[in-house]
1. Near A:K45, within a Cβ-to-Cβ distance under 15 Å, what is the net charge of the other residues, with Lys and Arg +1 and Asp and Glu -1?
2. Trypsin sites (Lys or Arg not before Pro) within the stretch B:172-214: which are DSSP loop residues with at most 15 other Cβ atoms inside 10 Å?
3. Comparing the chain by itself with all protein chains present, which residues of the stretch B:287-319 are at least 10 Å² less accessible (probe 1.4 Å)?
4. A 27 angstrom limit on the alpha carbon distance is what I want to check against. Which of A:K102/A:K181; A:K125/B:K299; B:K73/B:K171; A:K47/B:K297 exceed it?
5. Could you do me a favour and compute the accessible area per residue for chain B, 1.4 Å probe, result in Å²?
6. Residues of the stretch A:102-140 that become at least 40 Å² less accessible with every protein chain present than in their own chain isolated, using 1.4 Å: which are they?
7. Using +1 at the Cβ of each Lys and Arg and -1 at the Cβ of each Asp and Glu in chain A, identify which of A:A124, A:T225, A:F170 lies farthest towards the dipole's positive end.
8. Please arrange B:E340, B:E43, A:E207 by accessible surface area, largest first, computed with a 1.4 Å probe and ligands excluded.
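The values are calculated or read from the model by the stated rules, or taken from the named source; none is laboratory data. None of these values were measured; they are calculated from a predicted model. Neighbour counts run over all protein chains shown; Cβ positions are idealised from the backbone, glycine included. Just the protein is used for accessible areas: all its heavy atoms, side chains included, with ligands, DNA and RNA removed. Shrake-Rupley method; radii C 1.70, N 1.55, O 1.52, S 1.80 Å.
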Amino acid sequence: MKKYSLFLTILSLLFVLSCKDKNDGPSTDFSITFSALYGAETLEKNKDYTFNGFPIFVESCRMYLSDIRLINADREVIISDVEYLDFTPENAVSASPTIVFKNVPEGDYTSIRLGYGVSPVLNAKKPSNFPAGSPLAIENDYWAGWKSYIFSVLDGKADPDNNGTKNLSFSYHCGSDAVYKTVEFFTPIKVQAGAFTQAAITFDMKEFLTNDDGTPYDMVNNPATSNDAGNVVVAQALTAHWGRATKVSQ
Amino acid sequence: MATFLQKNALWVVISFIAGFVLLEACRPEDPGPGPNPTPGDLEYIAYDPQTYVIPKPTFFPEIPIPADNPMTKDGVQLGRRLFYDPILSADSTMSCSSCHLPEGSFTDNKKFSIGIDGIAGKRNSMSLLNVAYVTDGFFWDGRAATLEKQALAPVEDPIELHNSWDNVVKKLKLHPTYPQLFRKAFGIKDREEITKELAAKAIAQFERILISSGNSKYDRFVNGDVDAFDEEEIDGKLMFFDEGAPYNLPDAQCFHCHGGVTLTGGKFFNNGLDSVGNLSEFKDLGRFLVTGIEFDKGKFRATTMRNIALTAPYMHDGRFQTLEEVIEQYHDNGFGVVNEGAFLNQIGFPNGNGTYSGLTEYQKKAIVKFLHTLTDTDFINNQDIQNPF
């Protein structure tokens, strides 16, 4: 009987320990405000900006982020599987959506990781696989030709001749697993109820259109991403700029 | 027994009639069209809402249903009657269905619809097919945020049904049938609880069931019936969806505005119809009238391409009679107006300097032929959406 009791005690202890998730502990709602910029300015639809010495404006700017993680030495917390950010909605010239992430474990995080686009596991699905209201149920941002969500959209017009007519349309629609990219930003983020519950992330579209060597992207000769699913050269080149174009702050 | 009945046949008949009269007298009274109906006059009718599950193709996404207007069988049936009932118009001659007929995929195939006073509207009647999926506003300019709000507008529009909701609600309250139907649909206790908002909710419920059958030629093809399309239709599809690069076919760029399974994103565009010196010169300012955003002048909602062959004439002002004219218009790349859609001048193969090749006559014809594969006759013949009267 004594042996039996000891066995039960050990079993119970193991059970309790196994249930104790390393993420247990206080948690809080944590919000991040996402904004699109052009240089130092908030990006506005149809507003003239200067790019490579000529005027451009943006008509549409939107993107998916997925697998958003807060990271420190002890743990990685996935605060969202996927989010949809529309910086140029139908009813306004610009928008900076604030997303509230529920029950984020409190702690001092050393970095945040973003997935630009839709992670391959989710990207293998289609809008009809998701309930109404899900970011991934948006039909118009799925393209059967790529069998992929459209990870990011930047559409607009430019006047490369500086003749007063914006006769060059640019349309950068990036998508497909080959274009998915994750970047980790080593910005300390503290999460604590009542004290540290917010952060901000900006995406500078001027940087998005700038090569790593500081030269402007060749918009005139490459005004659009290819619609050939096998040709992701332009999409990959631009997506490579996200890390530089993104700033995280708290 | 037989002898008894033969002898007393008259008394038996009289007894039956008397019994029937007594039973009727004992039923809870329906006060009818009296000026002061009894509170709770409809409570004798059972209120037992049954969820209406909207039939939809399995490959269509979940239909968004607002929390404050759940779909019920009685709600849909009430909405269907209201949709087809001329009781909504001031002179009881027109209903919603006068401008949204099933055979036209819920358009009226006129340039502009004519209201009860014989006055023509200024915009073409929009198809209601798959309207449940619209998220960015209803009407050509998106001025109604919800289907329920949209359903309120035509009744009081002076160039449509030219009525007042006060008048409609009064007629519905006095009607011999509608109070009971409102009770069954929404659980109201008496006819005084009938409101325009409930009427609009019912109409919206009916409109949400206007979903594709999933049996169009196009649907059969994309779901594996490779023999459903001929080569020309396949080419048309590849160009429509910009999937033709591996087959040396150019991009027609259609799907950017007419994408997704419903073949419309519901967004707003200036699709290059008019040449204007400045944006304020547009005859119809469209989306601008809702948002006040300068660049929204001359923009209108992209319509669904499903059943497009049934919905002529085309564009917000019904200016084109045929799909061939529509394709030619897009192929002309607009007029360079500053807020024209970015894809208008990206039709064809890229030339490498920001210009594009355009399409050949065969390619234009193939796209038109593809558009005809989107015709869904099972939808327009669906008995559940026809006139119930």
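1. In short, -3.
2. On the way: sites: B:K173, B:R183, B:K184, B:K189, B:R191, B:K196, B:K201, B:R208; in loops: B:K189.
For trypsin sites (Lys or Arg not before Pro) across the stretch B:172-214 that sit outside H, G, I, E and B with at most 15 neighbouring Cβ atoms in 10 Å, the list reads B:K189.
3. In the stretch B:287-319, residues shielded by partner chains: B:R287, B:T291, B:I293, B:F295, B:D296, B:K299.
4. Where the Cα-Cα span goes over 27 Å, the pairs concerned are A:K125/B:K299.
5. About 45 Å² of surface per residue is accessible.
6. Checking the loss per residue gives A:S128, A:A132, A:E139, A:N140.
7. Result: A:A124, furthest along the dipole toward the positive end.
8. On the way: B:E340 5, B:E43 100, A:E207 60 Å².
Ranked list, largest accessible area first: B:E43, A:E207, B:E340.
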